[in-house]
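The values are calculated or read from the model by the stated rules, or taken from the named source; none is laboratory data. Predicted model, so just to flag it, every value in this text is computed and none were measured. Neighbour counts run over all protein chains shown; Cβ positions are idealised from the backbone, glycine included.
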Amino acid sequence: MIGERIERARLASGLSLRGLADAIGVSHTMVAKYEKNQATPPSQVLILLAKVLGVRVEYFFRQVEVHLEGVEYRKRTTLRAGDKKKILADAEDQLERWVTLEQFLPQAWALEFRVPNEVPERIEAADDIEAAALAVRNVWQLGHNPIPDLIDTLEEQGLRVLTIDGDIPQKFDGFSAHYDSNPVVVVDKKWTGDRQRFTLAHELGHLILHGRLGPELDEEKACNRFAGAFLAPRDVVLKTLGENRHWLEFQELALLKQEYGLSLAAWIYRCSDLGIINQTTTKELWRIFRVRGWHKKEPGKPYPNEKTRLFQQRVYRALAEELIGEAKAAELLGITLRELQQCRHMECASDAADQ
Ligand SMILES: [Zn+2]
C-alpha cells in the first residue's frame, strides 16, 4: 500500500529511483524495495520522502486508491513514456483527493455526466454538429453568450476536470479517461486559457458525438468543429462578424479572443467553417499567420488560464460543516496546516490558494 504511493509520488515529481535515493540518502535498491512493499521505510525516512516528493506524510497512508481507465491522449501526442507516467500519477493523485473528500461530503461530486437527450442520435453533417453544440448549451442553460469559466461549467455537469502541473514539453495536448465510468479530462495548468478551453471543448465533443457520427465525418475534425460551435455559437458569430466578409482584421479577432476565450487561429477556422470568408481569404490569412510565426505563438495578450475552484470550495464546505478537521483539509488541499489556518483567516499566501 505505502509502496504504490511512494512510487506514484516519485513519478509525479519526475524523479528516477536513483534520484530519489540520493535525495533521501539511501540506496536505490532500498527505494525499489519500499516501492514493492518489500521493506517499510522508518518514520524519519517517511518524513524525508514526504519533503522531497512534496507531499504530506499522511499521503502515504491515504485509504483510497484510484486508477484511471481508458486513457486516451489526443491524436498527435508524442509524449515520452516517462512523461506519460508522471502526468498519470499526478492526475490519479488529484482524483484520489476528490474520492477521499466524497467519503466525508458525499454531495461533493454527486452529479453524473450525461449526454442530453436533445442531442440527435445521428450526426451526418456539419450542420448537425452545430445543432448538437447548441442543444448542449440549451440544456445546460448557458444561453448563447461567451462562457466565462469553462472548467466550472463542465464540473457542474459532472465532468471531472483535472489540471496538472505538467512541466513537460509542448507536445502534451491533454487527455481523457474514465474513472468509475465517469469521464475525466486532464489539461495542463500552465497553458493559455484559449488552449485549455479548446481542448476541454474538444474532449466534450468526443463525449457528446462519439457513436453518433455518420461514416463521412472524421471524429477528430468533428470534435474541433464542435469545440468552435460550443464556444462561439453560429448565430452570435454571424451577428458579430457579418455573414460575408472580404477580409478580417487580426485586431478584430484579438478582441473576440478576449471575449470568447477562443484563439485567433480558432477564429479563422470558425469563420472559414461558417462560410464568412472564402477559401482564398482563408489561405491568405493563414499565410500571414505563418510568416509572422503566429502559429507558434499568437500575438497580443494571452487569454488568462482557467483554474478549478470547485474542489477547494468543497473542502472548505466540509470544514465549515465540521465533516473534516483542519489536518484533513490541509492534506486534501496539499498545503501545510499553517497555510490552511492562514487561509481560514483570509490571509492566504497566493500559492496556497492556488494549490
Ligand atoms: Zn480528439
ask   = Mind checking whether some residue in segment 157-168 is modelled with pLDDT under 95, within 15 Å of the ligand (Cβ to nearest atom), in contact with a Ser or Thr (Cβ under 7 Å, 6 or more places away or on another chain) and hydrophobic (A, V, I, L, M, F, W, C)?
value = no
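Looking only at segment 148-156, decide whether some residue is assigned to a helix (DSSP H, G or I), farther than 19 Å from residue 185 by Cα and touching a strand residue (DSSP E or B) at 6+ places or on another chain (Cβ under 8 Å).
So the first thing to find is which residues in segment 148-156 are assigned to a helix (DSSP H, G or I), and the list is 150-156.
Cutting the leftovers down to farther than 19 Å from residue 185 by Cα gives us none.
No, because not a single residue in segment 148-156 is assigned to a helix (DSSP H, G or I), farther than 19 Å from residue 185 by Cα and touching a strand residue (DSSP E or B) at 6+ places or on another chain (Cβ under 8 Å).
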remark   = Of the residues in segment 184-224, those that are in contact with a Leu (Cβ under 9 Å, 6 or more places away or on another chain), surrounded by 21 or more Cβ atoms within 10 Å (Cβ to Cβ) and not small (Gly, Ala, Ser) number 13
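Please go through segment 212-251 and give me each residue that is more than 23 Å from the chain's Cα centre (by Cα), within 16 Å of the ligand (Cβ to nearest atom) and free of Cβ contacts under 8 Å to residues at least 24 places away in the same chain, ordered by number. So that I can check it myself, show each step before the final result.
From segment 212-251, those more than 23 Å from the chain's Cα centre (by Cα) are 212-218, 234-251; that's our starting set.
When the remaining residues are screened for being within 16 Å of the ligand (Cβ to nearest atom), the result is 212-213, 217-218.
The answer is 218, and nothing else.
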request  = May I ask you to verify whether residue 183 is on the phi < 0 side of the Ramachandran plot and within 15 Å of the ligand (Cβ to nearest atom)?
outcome  = yes
query = What are the residues in segment 188-220 that are among the basic types (Lys, Arg) and at pLDDT 95 or above, if any?
reply = 197, 212
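Would you mind finding the one in 329, 318, 349 that is buried (at least 19 other Cβ atoms within 10 Å of the Cβ), free of Cβ contacts under 8 Å to residues at least 24 places away in the same chain, over 21 Å from residue 236 (Cβ atoms) and not acidic (Asp, Glu)? If you could, list the steps in order and put the result at the bottom.
Numbers: 318 fails: free of Cβ contacts under 8 Å to residues at least 24 places away in the same chain; 349 fails: buried (at least 19 other Cβ atoms within 10 Å of the Cβ).
Criteria check complete, one pass: 329.
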message = Can you list residue pairs whose Cβ atoms sit under 8 Å apart, with the first residue in segment 194-211 being without any contact (Cβ under 8 Å) to a residue 12 or more places away in the chain and the second being assigned to a helix (DSSP H, G or I)? Count only pairs 6 or more apart in sequence or on different chains.
response = 210/219
message = Can you confirm whether residue 287 is among the charged types (D, E, K, R), at pLDDT 95 or above and part of a helix (DSSP H, G or I)?
response = yes
request  = With the checklist (1) within 30 Å of residue 207 (Cβ to Cβ); (2) surrounded by 12 or more Cβ atoms within 10 Å (Cβ to Cβ); (3) of a type in the set (A, V, I, L, M); (4) at pLDDT below 85 in hand, flag the one item residue 81 doesn't pass.
outcome  = (2)
ask   = Has segment 126-138 got any residue that is surrounded by fewer than 20 Cβ atoms within 10 Å (Cβ to Cβ), of a type outside the set (Lys, Arg) and not in a helix (DSSP H, G or I)?
value = no
ask   = How many of the residues in segment 200-211 are within 9 Å of the ligand (Cβ to nearest atom) and within 15 Å of residue 263 (Cβ to Cβ)?
value = 1
